[in-house]
Amino acid sequence: MAKSNPIPYRALLLDLDGTLIDIDMEMFIPAYIQLLAHSFSGHCTTEDFAGHLLGSTRVMIENNEPRTTNQTAFFDDFCRRLDQPYAHVYPIFERFYELQFCRLQSFSRPRPHARCLVNTARRFGLKLALATNPLFPLAAVAHRLRWGDLTTDLFDLITTVENSHYCKPRPEYYLEIAGKLGVSPEECLMAGNDVLEDLCAAAAGMDTFLVEGMILNQTKGEPECTYRGSLEELANLIAGEYCDLKKR
Ligand SMILES: [Mg+2]
């Protein structure tokens, strides 16, 4: 039986990288591209592969066709670049995430209080979305959750390349989550470490919590957010036990 909810939210959206897990993306992304490029060494050089991957990722982020999933937007462009059919390219990615992606765990560590925060949100009956930028398939998100001592079954929704039609920082990304959770954006609190990509949930009507410790895209001056603090303070806010965390 969930405890009665002391805050005016029905759903909590949590970013993953730099929020629930400690990961240095500046180290991780080049290592990820390098490792994935090995799987495509029969098709192109590492340098060309990196260009194709980043180019198709850009096309996916900019896709604004509401019925096209991120996965479709990505592979339509990527297969064209490689001049290979989807039926050949997709299984290469699938095998990579199944067998190779786990080798990147060394770039990541669990974050203290992440599990406690998730448990607190569930205890207070909040709907819980893992609002990680949906550039990766579920298999890759599940690996990263495990690196943080978390599991997919803790979340009511996980945004992935397969099930999402928009990426951060588009407001439509956040509206799609609220719609799937069956709540209004005003009933959502979005927490993340990225000033640009996570706090823009405000443009969709959500309140925001800037998670400190690994803040990205810091702008000059104070970032505009509803709250800011640690994961522990966010857990306390949800439990209604943190009086000093003023709404800004
Ligand atoms: Mg992040």
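Okay, here's what the table says:
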quantity	calculated
Test set (1) part of a helix (DSSP H, G or I); (2) at pLDDT 95 or above; (3) of a type in the set (D, E, K, R) - residue 22 fails condition number	(1)
Close pairs (7 angstrom Cβ cut-off, 6 or more residues apart or separate chains): of a type in the set (S, T, N, Q) in the range 117-139, within 16 Å of the ligand (Cβ to nearest atom) and in a helix (DSSP H, G or I) anywhere	132/141
Counted residues, the range 178-195 - those being surrounded by 14 or more Cβ atoms within 10 Å (Cβ to Cβ), more than 13 Å from residue 206 (Cα to Cα) and either more than 13 Å from the chain's Cα centre (by Cα) or away from the ligand (no atom under 11 Å from the Cβ) (or both)	3
Residue that is touching a strand residue (DSSP E or B) at 6+ places or on another chain (Cβ under 7 Å) and within 22 Å of residue 101 (Cα to Cα), where the choices are 160, 151, 132	132
Cβ-Cβ under 7 Å pairs, at least 6 apart or on other chains, the range 4-27 side of a type in the set (Ser, Thr, Tyr), far side more than 15 Å from the ligand (Cβ to nearest atom) and modelled with pLDDT of 95 or more	9/126; 9/187; 9/188; 9/189
Only one of 22, 76 that is within 16 Å of the ligand (Cβ to nearest atom) and acidic (Asp, Glu)	22
Positions within the range 15-28 being crowded, with 16+ Cβ neighbours inside 10 Å and among the hydrophobic types (A, V, I, L, M, F, W, C), in sequence order	16, 20, 21, 23, 28
Unmet criterion (only one of (1) free of Cβ contacts under 8 Å to residues at least 60 places away in the same chain; (2) over 26 Å from residue 19 (Cα atoms)) for residue 66	(1)
Those residues of the range 108-142 which are crowded, with 21+ Cβ neighbours inside 10 Å, within 16 Å of the ligand (Cβ to nearest atom) and not charged (D, E, K, R), in sequence order	114, 117, 118, 129, 130, 131, 132, 133, 134, 136, 141
Selected residue [more than 20 Å from residue 158 (Cα to Cα) and modelled with pLDDT of 95 or more] from 115, 103, 10	103
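The values are calculated or read from the model by the stated rules, or taken from the named source; none is laboratory data. Remember, predicted model here, so these are calculated numbers, not experimental data. Counting neighbours? That spans all protein chains shown, and the Cβs are built from the backbone with ideal geometry, glycine included.
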